[in-house]
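What follows is a short report on a single structure.
The values are calculated or read from the model by the stated rules, or taken from the named source; none is laboratory data. Keep in mind it's a predicted model, so treat the numbers as computed, not measured. Here the Cβ is made from the backbone with ideal geometry for all residues, glycine too, and neighbour counts use every protein chain on show. All accessible areas refer to the heavy atoms of the entire protein, side chains included, with ligands and DNA or RNA removed. Shrake-Rupley method; radii C 1.70, N 1.55, O 1.52, S 1.80 Å.
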Amino acid sequence: MSLNQTVLEIRERQRIKSKPYDEPAAFWISKDNLRGDIVDVLTIIFQTSGCYWGKQGGCTMCGYVYDSSTGEPADSDIMAQLDKALAQAERRKLERFMVKIFTSGSFLDQREISTDLRKQILKRLADDERIVAVLAETRPEFVTEEAAQDCLSVMGGKPLEYAYGLETTSDKIRRESINKGFSFAHFKRAAEIAKQNGIFTKAYLMLKPPFLSEKEAMEDILNSIDEVAPYAETVSINLCNVQNGTFVEKLWENKEFRPPWLWSIVKILKEAKTKHPDLYLMSDPVGAGAKRGPRNCKICSRDVADMIREFSITQNVKTLENVDCDCKLLWEKELLLDDITFGAPILE
Ligand code: SF4
Ligand SMILES: [Zn+2]
(Lines give C-alpha, C1' and ligand atoms only; values in the text may rest on other atoms or scores of the structure.)
(Ligands and ions follow the chains in the order given, each with its own letter.)
Protein backbone atom coordinates (compact mmCIF):
# COMPACT_ATOMS: atom_id res chain seq x y z
CA MET A 1 0.00 0.00 0.00
CA SER A 2 1.32 3.48 -0.83
CA LEU A 3 2.15 5.96 1.92
CA ASN A 4 -0.60 8.25 0.62
CA GLN A 5 -3.17 5.43 0.78
CA THR A 6 -2.16 4.66 4.38
CA VAL A 7 -2.51 8.33 5.34
CA LEU A 8 -5.89 8.53 3.58
CA GLU A 9 -7.22 5.50 5.45
CA ILE A 10 -6.28 7.11 8.77
CA ARG A 11 -7.97 10.35 7.69
CA GLU A 12 -11.16 8.59 6.67
CA ARG A 13 -11.58 7.26 10.21
CA GLN A 14 -11.54 10.80 11.71
CA ARG A 15 -14.54 13.01 12.25
CA ILE A 16 -14.24 16.73 11.53
CA LYS A 17 -16.20 18.76 14.07
CA SER A 18 -18.46 21.27 12.43
CA LYS A 19 -18.17 24.89 13.47
CA PRO A 20 -20.12 28.01 12.41
CA TYR A 21 -18.69 29.10 9.08
CA ASP A 22 -18.04 32.65 10.27
CA GLU A 23 -15.67 31.48 13.05
CA PRO A 24 -11.95 31.33 12.25
CA ALA A 25 -10.29 27.98 13.04
CA ALA A 26 -8.04 29.91 15.45
CA PHE A 27 -6.35 33.26 16.02
CA TRP A 28 -3.82 34.53 18.55
CA ILE A 29 -1.34 37.30 19.23
CA SER A 30 2.38 36.75 19.70
CA LYS A 31 5.70 38.43 18.91
CA ASP A 32 8.07 37.78 16.04
CA ASN A 33 11.21 39.04 14.42
CA LEU A 34 10.13 40.57 11.12
CA ARG A 35 13.39 40.73 9.19
CA GLY A 36 15.11 42.54 12.04
CA ASP A 37 12.12 44.34 13.51
CA ILE A 38 10.51 42.90 16.66
CA VAL A 39 6.76 43.24 16.20
CA ASP A 40 3.45 42.00 17.54
CA VAL A 41 1.83 39.43 15.31
CA LEU A 42 -1.81 38.57 14.76
CA THR A 43 -1.99 35.03 13.40
CA ILE A 44 -5.26 33.96 11.80
CA ILE A 45 -6.12 30.44 10.73
CA PHE A 46 -9.10 30.80 8.45
CA GLN A 47 -11.70 28.07 8.35
CA THR A 48 -11.88 27.27 4.62
CA SER A 49 -12.93 24.22 2.64
CA GLY A 50 -9.41 22.89 3.40
CA CYS A 51 -6.20 21.69 1.85
CA TYR A 52 -6.82 19.81 -1.41
CA TRP A 53 -3.70 17.72 -0.81
CA GLY A 54 -4.66 16.78 2.73
CA LYS A 55 -8.16 15.79 1.61
CA GLN A 56 -6.75 13.12 -0.63
CA GLY A 57 -4.30 11.78 1.95
CA GLY A 58 -1.46 14.25 2.22
CA CYS A 59 1.27 14.84 4.72
CA THR A 60 2.13 12.24 7.33
CA MET A 61 2.35 14.64 10.28
CA CYS A 62 -0.52 16.98 9.41
CA GLY A 63 -3.54 17.25 11.68
CA TYR A 64 -4.37 20.75 10.42
CA VAL A 65 -6.69 19.27 7.84
CA TYR A 66 -9.16 18.68 10.68
CA ASP A 67 -9.35 22.45 11.25
CA SER A 68 -11.01 22.87 7.89
CA SER A 69 -14.71 23.35 7.38
CA THR A 70 -17.24 20.57 6.91
CA GLY A 71 -18.68 22.66 4.06
CA GLU A 72 -17.84 25.67 1.95
CA PRO A 73 -17.83 28.97 3.87
CA ALA A 74 -19.04 31.87 1.70
CA ASP A 75 -16.80 34.85 1.04
CA SER A 76 -18.88 36.85 3.53
CA ASP A 77 -18.25 34.17 6.20
CA ILE A 78 -14.51 34.39 5.67
CA MET A 79 -14.59 38.20 5.86
CA ALA A 80 -16.52 37.80 9.14
CA GLN A 81 -13.73 35.48 10.35
CA LEU A 82 -11.24 38.23 9.55
CA ASP A 83 -13.32 40.78 11.48
CA LYS A 84 -13.33 38.54 14.55
CA ALA A 85 -9.57 38.15 14.51
CA LEU A 86 -8.98 41.88 13.93
CA ALA A 87 -11.29 42.66 16.84
CA GLN A 88 -8.79 40.86 19.06
CA ALA A 89 -6.03 43.24 17.91
CA GLU A 90 -8.42 46.09 18.75
CA ARG A 91 -9.12 44.68 22.23
CA ARG A 92 -5.40 44.29 22.89
CA LYS A 93 -4.88 47.85 21.62
CA LEU A 94 -2.12 46.81 19.19
CA GLU A 95 -0.80 49.89 17.44
CA ARG A 96 1.70 48.24 15.11
CA PHE A 97 1.57 44.60 14.10
CA MET A 98 1.96 42.15 11.26
CA VAL A 99 -0.71 39.68 10.17
CA LYS A 100 -0.01 36.07 9.34
CA ILE A 101 -2.64 34.28 7.30
CA PHE A 102 -2.97 30.52 7.32
CA THR A 103 -5.82 28.46 5.94
CA SER A 104 -4.72 24.96 6.98
CA GLY A 105 -4.08 24.75 3.26
CA SER A 106 -3.14 27.41 0.70
CA PHE A 107 -4.17 31.06 0.67
CA LEU A 108 -3.54 31.10 -3.09
CA ASP A 109 -5.66 28.03 -3.86
CA GLN A 110 -8.83 29.43 -5.43
CA ARG A 111 -10.83 26.44 -4.18
CA GLU A 112 -10.22 27.73 -0.63
CA ILE A 113 -10.04 31.50 -1.18
CA SER A 114 -11.42 32.89 -4.44
CA THR A 115 -9.35 35.51 -6.29
CA ASP A 116 -11.91 38.11 -5.43
CA LEU A 117 -11.89 37.22 -1.74
CA ARG A 118 -8.09 37.07 -1.68
CA LYS A 119 -8.02 40.68 -2.88
CA GLN A 120 -10.69 41.77 -0.41
CA ILE A 121 -8.71 40.29 2.50
CA LEU A 122 -5.39 41.76 1.42
CA LYS A 123 -6.92 45.16 0.70
CA ARG A 124 -8.50 45.25 4.13
CA LEU A 125 -5.10 44.52 5.70
CA ALA A 126 -3.22 46.90 3.41
CA ASP A 127 -5.62 49.75 4.22
CA ASP A 128 -5.21 49.28 7.98
CA GLU A 129 -2.45 51.65 9.05
CA ARG A 130 -1.58 49.62 12.16
CA ILE A 131 -0.57 46.65 10.02
CA VAL A 132 3.08 46.73 8.94
CA ALA A 133 3.34 43.55 6.86
CA VAL A 134 1.36 40.52 5.75
CA LEU A 135 2.43 36.90 5.45
CA ALA A 136 0.31 34.27 3.71
CA GLU A 137 1.00 30.55 3.58
CA THR A 138 0.57 28.57 0.39
CA ARG A 139 1.77 25.46 -1.37
CA PRO A 140 4.23 26.53 -4.10
CA GLU A 141 2.23 25.23 -7.05
CA PHE A 142 -0.24 28.10 -6.63
CA VAL A 143 2.39 30.82 -6.98
CA THR A 144 2.17 32.33 -10.45
CA GLU A 145 3.11 35.68 -11.94
CA GLU A 146 -0.59 36.45 -12.25
CA ALA A 147 -1.37 35.58 -8.60
CA ALA A 148 1.61 37.65 -7.43
CA GLN A 149 0.49 40.68 -9.46
CA ASP A 150 -3.05 40.22 -8.27
CA CYS A 151 -1.99 40.26 -4.60
CA LEU A 152 0.35 43.21 -5.06
CA SER A 153 -2.29 45.25 -6.88
CA VAL A 154 -4.10 45.83 -3.56
CA MET A 155 -1.15 45.90 -1.15
CA GLY A 156 -0.35 49.59 -1.71
CA GLY A 157 3.37 48.92 -1.32
CA LYS A 158 3.00 47.16 2.07
CA PRO A 159 5.43 44.20 2.43
CA LEU A 160 4.00 40.82 1.51
CA GLU A 161 5.61 37.47 2.26
CA TYR A 162 4.69 34.00 1.06
CA ALA A 163 5.41 31.13 3.44
CA TYR A 164 5.77 27.51 2.33
CA GLY A 165 5.87 24.24 4.24
CA LEU A 166 8.92 23.05 2.31
CA GLU A 167 9.92 20.78 5.26
CA THR A 168 13.27 19.72 3.74
CA THR A 169 15.27 20.34 0.58
CA SER A 170 15.64 16.56 0.15
CA ASP A 171 13.08 15.34 -2.38
CA LYS A 172 13.60 11.79 -1.09
CA ILE A 173 12.74 12.66 2.52
CA ARG A 174 9.86 14.93 1.46
CA ARG A 175 8.44 12.10 -0.62
CA GLU A 176 9.17 9.05 1.54
CA SER A 177 8.80 10.45 5.06
CA ILE A 178 6.32 13.30 4.56
CA ASN A 179 4.36 12.57 1.37
CA LYS A 180 4.28 16.28 0.59
CA GLY A 181 3.49 16.01 -3.09
CA PHE A 182 5.80 18.74 -4.38
CA SER A 183 9.53 19.02 -5.02
CA PHE A 184 12.32 21.43 -4.10
CA ALA A 185 12.21 22.59 -7.73
CA HIS A 186 8.55 23.64 -7.25
CA PHE A 187 9.58 25.69 -4.21
CA LYS A 188 12.51 27.30 -6.03
CA ARG A 189 10.28 28.28 -8.94
CA ALA A 190 7.75 29.88 -6.57
CA ALA A 191 10.46 31.71 -4.61
CA GLU A 192 11.91 33.08 -7.85
CA ILE A 193 8.54 34.39 -9.05
CA ALA A 194 8.00 35.95 -5.63
CA LYS A 195 11.43 37.58 -5.64
CA GLN A 196 10.97 39.04 -9.11
CA ASN A 197 7.81 40.66 -7.81
CA GLY A 198 9.32 41.93 -4.55
CA ILE A 199 7.48 39.38 -2.39
CA PHE A 200 9.50 37.93 0.51
CA THR A 201 9.92 34.19 1.11
CA LYS A 202 9.72 32.23 4.34
CA ALA A 203 10.43 28.51 4.35
CA TYR A 204 9.19 26.19 7.06
CA LEU A 205 11.37 23.15 7.61
CA MET A 206 10.40 20.09 9.66
CA LEU A 207 12.84 18.55 12.11
CA LYS A 208 12.53 14.78 12.37
CA PRO A 209 9.75 13.51 10.16
CA PRO A 210 9.18 9.72 10.39
CA PHE A 211 11.85 7.12 9.59
CA LEU A 212 14.84 9.36 10.34
CA SER A 213 17.13 8.95 13.30
CA GLU A 214 17.76 12.03 15.45
CA LYS A 215 21.17 12.44 13.85
CA GLU A 216 19.93 12.02 10.29
CA ALA A 217 17.14 14.50 11.00
CA MET A 218 19.63 17.09 12.28
CA GLU A 219 21.89 16.60 9.28
CA ASP A 220 18.91 16.97 6.98
CA ILE A 221 17.90 20.31 8.52
CA LEU A 222 21.43 21.71 8.53
CA ASN A 223 21.79 20.75 4.88
CA SER A 224 18.33 22.11 4.06
CA ILE A 225 19.16 25.49 5.65
CA ASP A 226 22.30 25.71 3.48
CA GLU A 227 20.30 24.90 0.34
CA VAL A 228 17.29 27.09 1.07
CA ALA A 229 19.28 30.15 2.22
CA PRO A 230 19.66 31.62 -1.30
CA TYR A 231 15.88 31.57 -1.77
CA ALA A 232 14.45 32.72 1.57
CA GLU A 233 14.92 35.63 3.92
CA THR A 234 13.48 33.67 6.84
CA VAL A 235 13.62 29.99 7.75
CA SER A 236 11.44 28.63 10.52
CA ILE A 237 12.01 25.12 11.82
CA ASN A 238 8.98 23.23 13.06
CA LEU A 239 9.68 20.36 15.43
CA CYS A 240 7.61 17.34 14.45
CA ASN A 241 4.93 16.76 17.08
CA VAL A 242 2.27 14.07 17.28
CA GLN A 243 -1.05 15.44 16.04
CA ASN A 244 -4.34 13.59 16.28
CA GLY A 245 -5.45 11.51 13.33
CA THR A 246 -2.09 11.36 11.60
CA PHE A 247 0.26 8.70 10.31
CA VAL A 248 2.86 10.03 12.77
CA GLU A 249 0.39 9.33 15.60
CA LYS A 250 0.08 5.69 14.50
CA LEU A 251 3.87 5.31 14.51
CA TRP A 252 4.07 6.98 17.91
CA GLU A 253 1.37 4.71 19.36
CA ASN A 254 3.39 1.73 18.11
CA LYS A 255 6.54 3.16 19.75
CA GLU A 256 8.06 3.71 16.32
CA PHE A 257 8.42 7.47 16.60
CA ARG A 258 9.76 9.92 19.16
CA PRO A 259 9.50 13.69 18.57
CA PRO A 260 12.89 15.43 18.39
CA TRP A 261 14.96 16.49 21.35
CA LEU A 262 15.08 20.22 22.08
CA TRP A 263 18.88 19.94 22.29
CA SER A 264 18.85 19.03 18.61
CA ILE A 265 17.20 22.27 17.56
CA VAL A 266 19.44 24.27 19.91
CA LYS A 267 22.51 22.81 18.17
CA ILE A 268 21.00 23.39 14.71
CA LEU A 269 20.15 27.03 15.44
CA LYS A 270 23.62 27.70 16.86
CA GLU A 271 25.46 26.18 13.92
CA ALA A 272 23.19 27.53 11.21
CA LYS A 273 23.04 31.10 12.56
CA THR A 274 26.82 31.18 12.84
CA LYS A 275 27.12 29.99 9.25
CA HIS A 276 24.32 32.22 7.87
CA PRO A 277 24.34 35.35 10.05
CA ASP A 278 22.04 37.29 7.68
CA LEU A 279 19.36 34.61 7.53
CA TYR A 280 16.47 35.01 9.99
CA LEU A 281 16.23 31.65 11.71
CA MET A 282 13.50 30.72 14.09
CA SER A 283 11.65 27.90 15.75
CA ASP A 284 8.52 27.77 17.90
CA PRO A 285 8.70 24.51 19.88
CA VAL A 286 4.95 23.86 19.95
CA GLY A 287 3.98 21.34 22.62
CA ALA A 288 7.49 21.33 24.11
CA GLY A 289 7.83 19.02 27.10
CA ALA A 290 4.54 17.18 26.43
CA LYS A 291 4.44 13.47 25.60
CA ARG A 292 3.42 14.27 22.03
CA GLY A 293 5.80 17.19 21.67
CA PRO A 294 9.52 17.83 21.23
CA ARG A 295 11.27 17.47 24.56
CA ASN A 296 14.32 16.99 26.74
CA CYS A 297 13.85 15.84 30.34
CA LYS A 298 11.03 16.99 32.61
CA ILE A 299 13.32 19.39 34.45
CA CYS A 300 14.62 21.46 31.55
CA SER A 301 12.14 21.19 28.65
CA ARG A 302 10.20 24.32 29.52
CA ASP A 303 13.30 26.47 30.07
CA VAL A 304 14.99 25.22 26.91
CA ALA A 305 11.80 25.92 24.91
CA ASP A 306 11.76 29.48 26.30
CA MET A 307 15.42 29.84 25.35
CA ILE A 308 14.62 28.77 21.76
CA ARG A 309 11.77 31.30 21.64
CA GLU A 310 14.05 34.01 22.93
CA PHE A 311 16.62 33.23 20.25
CA SER A 312 13.89 33.35 17.61
CA ILE A 313 13.03 36.90 18.63
CA THR A 314 16.54 38.23 19.29
CA GLN A 315 18.56 36.19 16.73
CA ASN A 316 21.39 36.29 19.26
CA VAL A 317 23.21 32.91 19.43
CA LYS A 318 24.48 33.75 22.90
CA THR A 319 20.93 33.29 24.24
CA LEU A 320 21.26 29.60 23.28
CA GLU A 321 23.88 29.15 26.03
CA ASN A 322 21.50 30.23 28.81
CA VAL A 323 20.27 26.78 29.91
CA ASP A 324 22.13 23.52 30.49
CA CYS A 325 21.03 20.20 31.98
CA ASP A 326 22.38 16.74 32.73
CA CYS A 327 20.04 15.20 30.13
CA LYS A 328 22.33 16.55 27.41
CA LEU A 329 24.50 13.47 28.00
CA LEU A 330 21.54 11.18 27.29
CA TRP A 331 20.79 13.09 24.09
CA GLU A 332 24.42 12.68 23.02
CA LYS A 333 24.15 8.94 23.68
CA GLU A 334 20.98 8.76 21.63
CA LEU A 335 22.71 10.50 18.73
CA LEU A 336 25.29 7.74 18.79
CA LEU A 337 22.83 4.86 19.07
CA ASP A 338 19.59 5.60 17.28
CA ASP A 339 20.95 5.35 13.75
CA ILE A 340 20.28 1.64 14.20
CA THR A 341 16.61 2.06 15.21
CA PHE A 342 15.46 4.35 12.37
CA GLY A 343 14.08 6.98 14.71
CA ALA A 344 12.19 4.62 17.04
CA PRO A 345 12.70 5.63 20.67
CA ILE A 346 15.55 4.05 22.59
CA LEU A 347 14.93 5.58 25.99
CA GLU A 348 11.16 5.21 26.45
S1 SF4 B 1 0.92 19.99 5.83
FE2 SF4 B 1 0.01 21.56 4.50
S3 SF4 B 1 0.10 20.63 2.43
FE4 SF4 B 1 0.36 18.96 3.88
S5 SF4 B 1 -1.71 18.13 4.17
FE6 SF4 B 1 -1.31 19.64 5.82
S7 SF4 B 1 -2.16 21.56 5.08
FE8 SF4 B 1 -1.94 20.20 3.29
ZN1 LIG C 1 17.11 18.14 30.97
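Annotations
- Selection of region 58-89 for residues being open to solvent by 40 Å² or more (accessible area, probe 1.4 Å), modelled with pLDDT of 95 or more and of a type in the set (D, E, K, R) yields Asp75, Asp83, Lys84.
- Taking region 3-49 as the range and being touching a helix residue (DSSP H, G or I) at 6+ places or on another chain (Cβ under 6 Å) and either of a type in the set (Gly, Ala, Ser) or within 16 Å of ligand 2 (Cβ to nearest atom) (or both) as the test, only Ala25 passes.
For (1) touching a Phe, Trp or Tyr at 6+ places or on another chain (Cβ under 6 Å); (2) aromatic (Phe, Trp, Tyr); (3) within 16 Å of ligand 2 (Cβ to nearest atom), each residue gets a yes or a no:
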| position | (1), (2), (3) |
| --- | --- |
| Tyr66 | no, yes, no |
| Ser76 | no, no, no |
| Asp83 | no, no, no |
| Arg92 | no, no, no |
| Glu95 | no, no, no |
| Thr103 | yes, no, no |
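- Residues that are within 16 Å of ligand 1 (Cβ to nearest atom), open to solvent by less than 20 Å² (accessible area, probe 1.4 Å) and either among the acidic types (Asp, Glu) or assigned to a helix (DSSP H, G or I) (or both) within region 185-223 comprise Phe187, Ala190, listed in sequence order.
- Test: Thr144 is surrounded by fewer than 21 Cβ atoms within 10 Å (Cβ to Cβ) and either of a type in the set (Gly, Ala, Ser) or under 23 Å from Asn197 (Cα atoms) (or both): yes
- Residue satisfying condition, being assigned to a helix (DSSP H, G or I) and in contact with a Gly (Cβ under 9 Å, 6 or more places away or on another chain), within set Arg258, Arg174: Arg174
- Filtered by the rule that a residue be of a type outside the set (Lys, Arg) and part of a loop (DSSP other than H, G, I, E, B), region 149-171 gives Ser153, Val154, Met155, Gly156, Gly157, Pro159, Thr168, Thr169, Ser170.
- Note on region 320-346: residues that are at pLDDT 95 or above and aromatic (Phe, Trp, Tyr) total 1.
- Tabulated pairs, region 100-114, first on the phi > 0 side of the Ramachandran plot, second among the aromatic types (Phe, Trp, Tyr), C-beta under 6 angstrom, 6+ apart or interchain: Ser104/Tyr64
- Residue identified as hydrophobic (A, V, I, L, M, F, W, C), under 18 Å from Asn238 (Cβ atoms) and free of Cβ contacts under 8 Å to residues at least 40 places away in the same chain among Ala136, Ala185, Ala147, Ala163: Ala136
- Applying the condition of being more than 16 Å from ligand 2 (Cβ to nearest atom) and open to solvent by 10 Å² or more (accessible area, probe 1.4 Å) to region 257-272 and asking which residue is nearest to Glu227 (Cα to Cα) yields Glu271.
- For region 19-30, filtered to residues that are open to solvent by 30 Å² or more (accessible area, probe 1.4 Å) and in a loop (DSSP other than H, G, I, E, B), the residue that is nearest to ligand 1 (Cβ to nearest atom) is Lys19.
Here's the yes/no breakdown for (1) part of a loop (DSSP other than H, G, I, E, B); (2) surrounded by 14 or more Cβ atoms within 10 Å (Cβ to Cβ); (3) more than 16 Å from ligand 1 (Cβ to nearest atom):
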{"residue": "Thr274", "(1), (2), (3)": "no, no, yes"}
{"residue": "Leu281", "(1), (2), (3)": "no, yes, yes"}
{"residue": "Pro285", "(1), (2), (3)": "yes, yes, yes"}
{"residue": "Asn296", "(1), (2), (3)": "yes, yes, yes"}
{"residue": "Arg302", "(1), (2), (3)": "no, yes, yes"}
{"residue": "Ala305", "(1), (2), (3)": "no, yes, yes"}
{"residue": "Thr319", "(1), (2), (3)": "no, yes, yes"}
{"residue": "Glu332", "(1), (2), (3)": "no, no, yes"}
